[in-house]
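What follows is a single structure, written as structure tokens, with notes after it.
The values are calculated or read from the model by the stated rules, or taken from the named source; none is laboratory data. The shown structure was predicted, so the numbers you read here are calculated from the model rather than taken from an experiment. Glycine gets a Cβ as well: all are built from the backbone with ideal geometry, and neighbour counts include every protein chain shown.
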Amino acid sequence: MLSLREKTNRVSWRAILIGLLLIPINTYWIAMTEMVWSSLHFTAASLPLNVVFILLFLIWLNLLIKFIAPNFILSPGELLTIYIILAASSAISGYDSMVALMGVIPHAFWYDTVENDWASLFHNYIPKWLVVSDRKVARGFYRGEVSFFNAENIDRWITPIITWSVFIVLLIIIMLLINVIIRKQWIEREKLTYPIIQLPLEMTSEKTRLFGNRLMWIGFAIAAVIDLLNGLNFLYPNVPYIPTRGIDLQNIFTDKPLNAIGFSPIRFRPFIIGLTYLLPWDLSFSCWFFFVSRKAFRIWSSAAGWLSIPGFPFFGQQSLGALIGLSIIALVSSRKYLINVLKRVFLNRGENDSYEPISYRKATAGIIIVSLLLFIFCAKAEMSLWVFLLFFILYFAMSLALTRIRVELGIPEHAFFLVTPQEAMITVLGTRKFGPRNLTLLALFIWFNRRKRSHPMPHQLEGFKMAERAGISGKGILWTMLLASAAGMIAAFMIFPHAIYKYGAEARAGGMVGIGWDAFNNLASWLYHPQEPDGLGSAFATGGMFFTFSLAFMRRKFIWWPFHPAGYTLGTGFAIDDYWFTMVISSTLKWIVLRHGGARAYRTSIPFFLGLILGEYVVACGWALLGVIVGKPMYVVWV
């Protein structure tokens, strides 16, 4: 493994050019599949399906070029650079990012009715430069069958496009600069495992020969055949179907108190078995243990009659406190390093930053300057200073914790429901203290922190890790990721409106429209029914944070301790509900392999599980690509 102290290569301009040329194609694919069809959510997975598929296509194309024009083949470093570019751009244009933003921009004015009276309730508090308020222009957005590219549409959309572009770029820069500061500690010092990047590294490596491994192809074939048959069954019902979506336990347990179990699917997803097999065993076990504990507690609470208490047992608040607790743990565990960083910033001594992408002093100054620009943006929208500070401190604390979970533990997906800065602020303070204008802005901001599955910050740090492994310049990758993010944003703002105006949001993009409903129904509720501070919810959030501290302490104190604090956060925060049973399968398989074969057997088995991931990704993306070509939805592996 190379560190940035060793010789590194500049980022290839050829790789940058290829990556940038692929961004519009990739963005259109996301637009049609995730937004218009609301089907296969590539970017919801921590390892984005679309990016792995394109990487595999380039590898196969590379083999062809090797025989035709060997001087033009792409090196492993160039392939990884293209992967990093597409991952960074997909994080921006993904379902939980700019697809969600598109659902918010015109919603409040199009869905205003006499019954909900949104016009008098909050229209005056919405900055008009952030939304489309012209109902005539919004009609084409929701009804479709018109072209976006006419003078009137562009005139009404250009201002919110420019202003939100500024906002997005500011957020991305702050995330990149935070990652510059924590890069050395989380990559070189602690040597975190970064499980998510293992597949792209193996795919591009010239040493491991993944594609020559028989176990990989067995895993590939199993996953591919399952999804190929199920996809054919979707088109031709006479073809046999292999049940992978299973059952939901809430449909079986219909009597009290067992009906309190709620959504508890038992599903079989090969690619998640592959991804979670790579997780540390204690995390995988902790995730499903706390999921089962959550369900058991709900059943017990129902039997005791406690579910009649509004909000009880406050699992969202518990997870909220736990996520903030994880960010504090991450900072405290890195305190010596961070103190040395501050010495370098203010005293020009301490931590050596000669080999960093940019100096710590420039990174810190950049964070301060960009944060001031972000405040000017929010102040222009009339957000109060204290609300701005509280919201973004919470947002970046949660982002830091989420990044730590991803790079240390490699969770396949992190869809945290009810775990947002807005939820934290209103739980603790109520709504009256904020006033209608601040509440309106909090509602408008829900799009980028609602579920967090395609959060850009983990992708950025994983990009730095891949650059280190491939011996690529960290400085070059920093600017490459910034360029890729900006290019992905521009492509999305050009392609997304075009696709929606053609097909109509109401007819096709129901999931995107639902995000707008979430934002403004919440706002209407806050304004119609002001909430007092939730003392019980705040207590459970605090309890969740301190329980996380106690789990971290026990894990540090006792090597045999099986419960990981991140498992509590994920298990209680609805983040793994869709695939908890798959984690039971993978952790059991891993336990058996380690128990009877040891570390050597585990390493030998890894290609099989990488094959499960790759096989399902290839066929799933193949069906999604076919859907774009023929213009209709196909079999969906992952939503």
- line: When restricted to PHE563, PHE553, PHE547, PHE581, the only residue closer than 22 Å to THR427 by Cβ and surrounded by fewer than 24 Cβ atoms within 10 Å (Cβ to Cβ) is PHE547
task: Consider only pairs whose beta carbons are under 7 Å apart and that are at least six residues apart or on different chains; among these, list those whose first residue lies in segment 250-267 and is in contact (Cβ under 8 Å) with a residue 40 or more places away in the chain and surrounded by 16 or more Cβ atoms within 10 Å (Cβ to Cβ) and whose second residue is small (Gly, Ala, Ser) and part of a loop (DSSP other than H, G, I, E, B).
output: PRO265/GLY246; ARG267/GLY246
message: On the basis of being buried (at least 21 other Cβ atoms within 10 Å of the Cβ), outside any loop (DSSP other than H, G, I, E, B), aliphatic (A, V, I, L, M) and out of contact with any Pro (no Cβ under 6 Å at 6 or more places or on another chain), does ALA519 make the cut?
response: yes
task: Taking TYR241 as the residue in question, decide whether it is among the hydroxyl-bearing types (Ser, Thr, Tyr) and closer than 28 Å to ALA552 by Cβ.
output: no
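For segment 81-124, what are the residues that are assigned to a loop (DSSP other than H, G, I, E, B) and in contact (Cβ under 8 Å) with a residue 24 or more places away in the chain?
GLY94, ILE105, PRO106, TYR111, ASN116, PHE122
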message: Restricting to segment 157-189, name every residue that is of a type in the set (D, E, K, R) and crowded, with 17+ Cβ neighbours inside 10 Å.
response: ARG183, LYS184
Any chance ASN71 is assigned to a loop (DSSP other than H, G, I, E, B) and surrounded by fewer than 22 Cβ atoms within 10 Å (Cβ to Cβ): no
- prompt: Under the condition of being out of contact with any Leu (no Cβ under 8 Å at 6 or more places or on another chain) and of a type in the set (Gly, Ala, Ser), which residue from segment 46-87 is nearest to VAL11 (Cα to Cα)?
  reply: GLY77
message: Taking the criterion of being surrounded by 15 or more Cβ atoms within 10 Å (Cβ to Cβ) and either part of a loop (DSSP other than H, G, I, E, B) or at positive phi (or both), would at least one residue in segment 584-596 satisfy it?
response: no
task: Determine, yes or no, whether VAL36 is under 21 Å from the mean Cα position of the chain (by Cα), surrounded by 19 or more Cβ atoms within 10 Å (Cβ to Cβ) and touching a residue at least 12 places away in the same chain (Cβ under 8 Å).
output: yes
message: For segment 338-361, give me the residue count where each residue is farther than 15 Å from LEU177 by Cα, out of contact with any Gly (no Cβ under 9 Å at 6 or more places or on another chain) and β-branched (Val, Ile, Thr).
response: 0
field: Answer residue from segment 412-460, given it is touching a Gly at 6+ places or on another chain (Cβ under 6 Å) and β-branched (Val, Ile, Thr) and is surrounded by the fewest Cβ atoms within 10 Å (Cβ to Cβ) among those
entry: THR427
- prompt: Within segment 619-631, is even one residue closer than 25 Å to GLN318 by Cβ and under 27 Å from the mean Cα position of the chain (by Cα)?
  reply: no
- request: Exactly one condition in (1) at pLDDT below 95; (2) under 24 Å from the mean Cα position of the chain (by Cα); (3) surrounded by 21 or more Cβ atoms within 10 Å (Cβ to Cβ) is not met by LEU80; state its number.
  value: (1)
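Results for (1) on the phi > 0 side of the Ramachandran plot; (2) modelled with pLDDT of 95 or more; (3) part of a helix (DSSP H, G or I), shown as yes or no for each residue.
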site: PHE346; (1), (2), (3): no, no, yes
site: GLY350; (1), (2), (3): yes, no, no
site: SER354; (1), (2), (3): no, no, no
site: ALA365; (1), (2), (3): no, yes, yes
site: VAL370; (1), (2), (3): no, yes, yes
site: PHE377; (1), (2), (3): no, yes, yes
site: MET383; (1), (2), (3): no, yes, no
site: LEU394; (1), (2), (3): no, yes, yes
site: MET398; (1), (2), (3): no, yes, yes
field: First in segment 418-437 and under 14 Å from PHE392 (Cα atoms), second anywhere and at pLDDT 95 or above and in a loop (DSSP other than H, G, I, E, B), Cβ under 7 Å, 6 or more apart
entry: none
- request: Out of the residues in segment 252-263 that are farther than 16 Å from TRP580 by Cβ and either part of a helix (DSSP H, G or I) or of a type in the set (Ser, Thr, Tyr) (or both), state the one that is nearest to the chain's Cα centre (by Cα).
  value: ALA260
